[in-house]
Amino acid sequence: MTRRSLRENVFKALFRMEFSAPEEKEEQLALFLEYATWYDDEDEANELKPLSQKAHVYIFNKTRNIMDKLDEIDKKLKENSKSWGLERIGKAELTILRLAIYEILFDEEVPNKVAVNEAVELAKIYCKEEAGAFINGVLSSLM
């Protein structure tokens, strides 16, 4: 599984948890991981595949780490999104920003430029066209 696929699954897990009460977040993460699948770009049949144990552990750990740092991440997000309050940012954009901010601030394995680029790429898939520029602007302000 590629890093991009792993990141996309972390995004999906975090996004799912946005619609849950705080006491349900652990259960939502467990449910996501139980049913998560992915497409292997090199598979000509383009069939959905279950997550490997290694991918499962990576997605679980990264999602939990982001949730544990959410207060710090949101503080940085508020500081760098100018007049945009968190409640004004779309849920997909908010989730992408949280993931990227976590990678920039706390994940030494991900170069900052890669975190920004991957966030913009996720926005192209899951958000409106103008979201990529907004996300790029917030992350550039952070860096």
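Taking every residue in the range 1-16 that is farther than 14 Å from residue 102 by Cβ and pairing it with any residue that is part of a loop (DSSP other than H, G, I, E, B), at least 6 positions away or on another chain, the pairs with Cβ-Cβ distances below 8 Å are 1/40; 1/51; 1/52; 2/41; 9/36; 9/51; 12/36. Among the residues of the range 109-143, the ones that are over 14 Å from residue 11 (Cα atoms), within 14 Å of the chain's Cα centre (by Cα) and part of a loop (DSSP other than H, G, I, E, B) come to 1 in all.
Looking only at residues in the range 15-32 that are open to solvent by less than 50 Å² (accessible area, probe 1.4 Å) and closer than 16 Å to residue 70 by Cα, the one that is farthest from the chain's Cα centre (by Cα) is 21.
Counting the residues of the range 63-80 that are touching a residue at least 24 places away in the same chain (Cβ under 8 Å), open to solvent by 10 Å² or more (accessible area, probe 1.4 Å) and not acidic (Asp, Glu) gives 7.
In the set (1) under 25 Å from residue 34 (Cα atoms); (2) open to solvent by 40 Å² or more (accessible area, probe 1.4 Å); (3) of a type in the set (Val, Ile, Thr), the condition left unmet by residue 59 is number (2). Quick check, is residue 97 farther than 23 Å from residue 130 by Cα, in a helix (DSSP H, G or I) and open to solvent by less than 80 Å² (accessible area, probe 1.4 Å)? No: the conditions fail for residue 97.
Considering the conditions (1) in contact with an Asp or Glu (Cβ under 6 Å, 6 or more places away or on another chain); (2) not in a loop (DSSP other than H, G, I, E, B), residue 78 is excluded by exactly one of them, (1). Taking the criterion of being open to solvent by 70 Å² or more (accessible area, probe 1.4 Å) and hydroxyl-bearing (Ser, Thr, Tyr), the only residue of the range 100-143 that qualifies is 126.
For residue 83, the conditions (1) open to solvent by 90 Å² or more (accessible area, probe 1.4 Å); (2) within 17 Å of residue 31 (Cα to Cα) are fulfilled apart from (2). Against the criterion of being surrounded by 13 or more Cβ atoms within 10 Å (Cβ to Cβ) and touching a helix residue (DSSP H, G or I) at 6+ places or on another chain (Cβ under 6 Å), residue 12 does not qualify.
Among the numbered conditions (1) under 20 Å from residue 123 (Cβ atoms); (2) exposed (fewer than 12 other Cβ atoms within 10 Å of the Cβ); (3) not aliphatic (A, V, I, L, M), the only one that residue 54 does not meet is (1).
The values are calculated or read from the model by the stated rules, or taken from the named source; none is laboratory data. Values in this document were obtained by computation on a predicted structure and should not be read as measured data. All Cβ positions, glycine included, derive from the backbone under ideal geometry; neighbour counts span all protein chains shown. The area values use the complete protein model at the heavy-atom level, side chains included, leaving out ligands, DNA and RNA. Shrake-Rupley method; radii C 1.70, N 1.55, O 1.52, S 1.80 Å.
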